[in-house]
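These notes concern the structure reproduced below.
The values are calculated or read from the model by the stated rules, or taken from the named source; none is laboratory data. This one's a predicted model, so the numbers in the text were calculated from it and none came from an experiment. All Cβ positions, glycine included, derive from the backbone under ideal geometry; neighbour counts span all protein chains shown. Ligands, DNA and RNA are excluded from the accessible area calculation, which covers all protein heavy atoms including side chains. Shrake-Rupley method; radii C 1.70, N 1.55, O 1.52, S 1.80 Å.
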Amino acid sequence: MERPLLPVAVTAALSFAAYATFVQFAPFTVKVVQNQVDTNMMRAQNFLAASPDTVLVGSSLTFRLPTSLLEPQVANIGMVGGSSLTGLAIVDGSGQKPKLVLIESNLLERPLDKDAVQAQLRFPERFLRQHFRVFRTGYDPANLIWRGLTSLTHQTVADIVLTPQAARAFYLEQQQLKAHPPEPVNFQHNLQQTAALVASLEAKGIKVGFFELPINPGLMNSPADTAVRREVRRAFPSGRYCWLDLQIPGGAHTLDGVHLTLEDSAATTRKILAQRKNCF
Amino acid sequence: MRGLTGAGSRFWGVRMLFTDRAFFALLFCTFAAYYLRRSAGYQIAVLLIASLLFYAWSQPWLLILLGFSALLSTVTSYEIEREQDDRARRAWAIGGVAVNLTVLAFFKYDRLVYASLVGSQPAGGFLGTLLGVPLPIGISFYTFHGISLVVDVFRARRSGETQSPLKQERGFLDRARRTFFYLTFFPQLIAGPIVKARDFYPQMGGKLFADIHWYGVAKALIIGFFLKSVVADNLAQQTTVLAPPFCYSQSTLNLVFVLVAYSIQIFSDFAGYSLIAIGLARLFGYALPDNFRFPYIAQSFSEFWTRWHMSLSAWLRDYVYYPLGGNRKGPRRTYVNLLLVMTLGGLWHGAGWSYALWGLWHGSALALERMARGTRVYLSEARIAKAARWALVFGVVTLGWTLFKLPDFHQVRELAGAAWNNRHLRFSRGVPIMLTLYIAPVVLYHVLYQFRDRPPRRLAFLWSMRAEGVALGVMLTAIVLQAGNPAPFIYFQF
């Protein structure tokens, strides 16, 4: 080794060791992280590190269901920008045995993100994360700083604030996205993958249930949602699978047409907690 | 709330990124095989195979076009060298350049031309299929390499060089092997730096393991991966709010902050890639040209372009600006040349009028600056004047990036509207604090360079070798601890 490389190697080793030791024995946990992608990862990692009896898998619609109400019995691995399939594949490949997995049916036209699944389950990352906090998303320096800042400023988790213009634009975007049924070949492929994963979970003795989260009444009966609902219900009929009823009388209140407000998220979460017992 | 969108659906993408495990496995095997023998022929063959594997990892048929482009450059450059007649040589050169440009135009600009002349793309039929052909990744770079080879050989022959650095080959097959290697060398294949044929060919020869400059390799790779994985990939999560409808809920000050962050992100992404490419090439004994030299300290637009994407600037200067007459044909012609070259440079980045406008934006800035050259403000050495010039350049460059971030004019207009209308919204502190965390290292990187010749006495130790080593060590730790969600390099799409 050339001499100038020595300070590089020594500094890297020392700084890593010091940081790893600090977070390993730090008397706190990190629950809020800097962005939604990190939150996706943190939630998946939390699920892998714990043994919840129920797991929710879904998209950003499920993501917004407050974990403070769900944990510790129920893990929420709703993925922002993702599909229920991703969470389902993580549960299936994890070796964990929750009693019940509840699958959000709203956006099953979205594909499985194999990279995200691999990133959570492959060796040695999973092994390292399991034993050392320093490898977990929540404990990286930026998230630790973020945690420190939110503690210092006594910031509480506030809902996303959208201006009326933004809310309207999001709504119109959703309307456009949902104007046509999903592309049939890809959607059927997703349903087959879901069925395979469900069968795999059932073979391990894990019960599987489904739920459809309420969205803006104006979008619920859009061509896309109607087609998805029909096909998912056909593939996973209520006689064979447990379906939760989460509809809100008078219609759901949303931020942008699809994502529930904090109040409705909390109300829906309470319904899930109450109804999941029927699925065991 | 929504997922990130990819670089674009129109690209045949390479799945092997510099941050992938598969890439590290390939690199390790290639490195081990490379230094088994010192023979240039053997080593070139090893790198050639590795480069083709790297490029064809997920789409083997991408090799067809790459092979065609390399063969075209081989044949035309070989014939130019062999041909005794001036006119025939010229014809081969023009033909080589024209076919290279036609290939690029066909794959890259077909839709733009069609949409501009006719309207929206037909859904089916022969024309629809033709226009639907995706853009092979890296085509802009290897096409420019091919053109560089043809022009360099032609110029060498025209100037009567008997010992052209390119003329080391033993016959057509040797030329073909070297040309394929030049075009496909994996560190620079996808996104440069664009290395000129006359600079690359003389380097081809047997390399020794003992000659590897390990510190140089480590420095380039650590800074490169730090800029890409820690700075750019993390900022990428935050700068999505520039796009509508997200921008509608951001205050004006927040939007300005995020736009500055995007300016840092795009620098970190591309400079990071370039440094990784340079470090990897060094590992195999090849020197690629510097691509970025602290561009954000520039106090003039012309200085900016000698610091930003330097290999492209040099390519455009040598192969387009000078042949057009450069600044030798009077001021007016110089302005026209600047506008033309920069607009073409903009279009090279992407097949969209927003990229052309981005080029024109920079061309106009260069032309206006040339007009102002003799003025007091331009010549003043006062600190305030320097600071004002720096702020002007940084501001104009940063504003220009909106055309990169949002290639749809409608979105740029919406962003501008949000920035104007949201003056009354409350400044949110959380996001800027996190942005600062990622921006700070890049600012420090530029500041340290700026003061390298006259460091403040009390801080002089910061410029020592040992301090640099410590900084690299910390960066290495940050790469392990703080790498963001891996995203394709922004410049891959070009």
Taking residue B:241 as the residue in question, decide whether it is touching a Phe, Trp or Tyr at 6+ places or on another chain (Cβ under 8 Å), within 14 Å of chain A (Cβ to nearest Cβ) and among the aliphatic types (A, V, I, L, M).
-> no
State yes or no: is residue B:423 more than 8 Å from every other protein chain (Cβ to nearest Cβ), charged (D, E, K, R) and in a helix (DSSP H, G or I)?
-> yes
Quick check: anything in segment B:429-438 within 28 Å of the chain's Cα centre (by Cα), among the aromatic types (Phe, Trp, Tyr) and within 14 Å of residue B:263 (Cβ to Cβ)?
-> yes
State the number of residues belonging to segment A:1-46 that are in contact (Cβ under 8 Å) with a residue 24 or more places away in the chain, away from chain B (no Cβ under 13 Å) and out of contact with any helix residue (DSSP H, G or I) (no Cβ under 7 Å at 6 or more places or on another chain).
-> 6
What number of residues within segment A:190-217 are in contact (Cβ under 8 Å) with a residue 40 or more places away in the chain and either β-branched (Val, Ile, Thr) or in a helix (DSSP H, G or I) (or both)?
-> 12
Can you find even one residue in segment A:246-265 that is in a helix (DSSP H, G or I), without any contact (Cβ under 8 Å) to a residue 40 or more places away in the chain, open to solvent by 50 Å² or more (accessible area, probe 1.4 Å) and more than 14 Å from every other protein chain (Cβ to nearest Cβ)?
-> yes
What about residue A:43, is it among the basic types (Lys, Arg) and closer than 21 Å to residue A:140 by Cβ?
-> yes
Show the residue pairs that are 6+ apart or on different chains and have beta-carbon atoms under 6 Å apart, the first residue being within segment B:201-230 and more than 10 Å from every other protein chain (Cβ to nearest Cβ) and in a helix (DSSP H, G or I), the second being of a type in the set (Phe, Trp, Tyr) and buried (at least 16 other Cβ atoms within 10 Å of the Cβ).
-> B:203/B:286; B:209/B:35
Test for residue A:60: is it within 13 Å of chain B (Cβ to nearest Cβ) and out of contact with any strand residue (DSSP E or B) (no Cβ under 6 Å at 6 or more places or on another chain) = yes
On the given criteria, is residue B:176 within 21 Å of the chain's Cα centre (by Cα) and either modelled with pLDDT of 90 or more or assigned by TED's automatic domain parsing to the domain that holds residue B:148 (or both)?
-> no
Give the residues of segment A:173-217 that are polar (S, T, N, Q), open to solvent by 80 Å² or more (accessible area, probe 1.4 Å) and closer than 30 Å to residue A:250 by Cβ, sorted by residue number.
-> A:175, A:176
Scanning segment B:249-261 for residues that are in a helix (DSSP H, G or I), open to solvent by 20 Å² or more (accessible area, probe 1.4 Å) and within 21 Å of residue A:164 (Cβ to Cβ) gives B:249, B:252, B:253
Considering segment A:144-153, residues that are crowded, with 19+ Cβ neighbours inside 10 Å and more than 9 Å from chain B (Cβ to nearest Cβ), and then whichever is farthest from residue B:429 (Cα to Cα), we arrive at A:144
Tell me, please, whether a residue that is over 20 Å from residue A:175 (Cα atoms), under 20 Å from the mean Cα position of the chain (by Cα), crowded, with 19+ Cβ neighbours inside 10 Å and not aromatic (Phe, Trp, Tyr) can be found in segment A:232-239.
-> yes
Do we have residue A:75 as facing chain B (nearest Cβ under 8 Å) and buried (at least 19 other Cβ atoms within 10 Å of the Cβ) here?
-> no
Conditions (1) more than 10 Å from every other protein chain (Cβ to nearest Cβ); (2) within 21 Å of the chain's Cα centre (by Cα) -> residue A:139 fails only (1)
Output the residue which, of all residues in segment A:29-46 that are more than 13 Å from the chain's Cα centre (by Cα) and open to solvent by less than 50 Å² (accessible area, probe 1.4 Å), is nearest to residue A:95 (Cα to Cα).
-> A:30
Residues located in segment A:47-63, provided they are open to solvent by 30 Å² or more (accessible area, probe 1.4 Å) and either within 16 Å of residue A:201 (Cβ to Cβ) or touching a residue at least 40 places away in the same chain (Cβ under 8 Å) (or both) | A:49, A:51, A:53
With a cut-off of at least 2 residues that are among the aromatic types (Phe, Trp, Tyr) and either closer than 21 Å to residue B:101 by Cβ or open to solvent by 30 Å² or more (accessible area, probe 1.4 Å) (or both), name the helices (runs of 4 or more DSSP H) lying wholly within segment B:278-391.
-> B:331-349, B:353-371
Since residue B:428 meets every condition but one in (1) in contact (Cβ under 8 Å) with a residue 40 or more places away in the chain; (2) away from chain A (no Cβ under 14 Å); (3) open to solvent by 50 Å² or more (accessible area, probe 1.4 Å), which condition does it not meet?
-> (2)
All but one of (1) of a type in the set (A, V, I, L, M, F, W, C); (2) farther than 30 Å from residue A:124 by Cβ; (3) without any contact (Cβ under 8 Å) to a residue 60 or more places away in the chain hold for residue B:399, so report the exception by its number.
-> (3)
Right, residue B:447: within 7 Å of another protein chain (Cβ to nearest Cβ) and open to solvent by 50 Å² or more (accessible area, probe 1.4 Å) or not?
-> no
From the residues in segment B:92-114 that are small (Gly, Ala, Ser) and either in contact with a helix residue (DSSP H, G or I) (Cβ under 9 Å, 6 or more places away or on another chain) or assigned to a loop (DSSP other than H, G, I, E, B) (or both), which one is surrounded by the most Cβ atoms within 10 Å (Cβ to Cβ)?
-> B:96
Inspect segment A:51-71 for any residue being in contact with a Gly (Cβ under 8 Å, 6 or more places away or on another chain), under 26 Å from residue B:238 (Cβ atoms) and aliphatic (A, V, I, L, M) and give the result as yes or no.
-> yes
Is it true that some residue in segment A:102-112 is over 24 Å from residue A:219 (Cβ atoms), more than 14 Å from chain B (Cβ to nearest Cβ) and surrounded by 20 or more Cβ atoms within 10 Å (Cβ to Cβ)?
-> no
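To keep it simple, each residue is scored yes or no on (1) assigned to a loop (DSSP other than H, G, I, E, B); (2) modelled with pLDDT under 75; (3) surrounded by 22 or more Cβ atoms within 10 Å (Cβ to Cβ); (4) over 19 Å from the mean Cα position of the chain (by Cα).
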residue	(1), (2), (3), (4)
B:126	no, yes, no, yes
B:130	no, yes, no, yes
B:145	no, no, yes, no
B:150	no, no, yes, yes
B:165	yes, yes, no, yes
B:168	yes, yes, no, yes
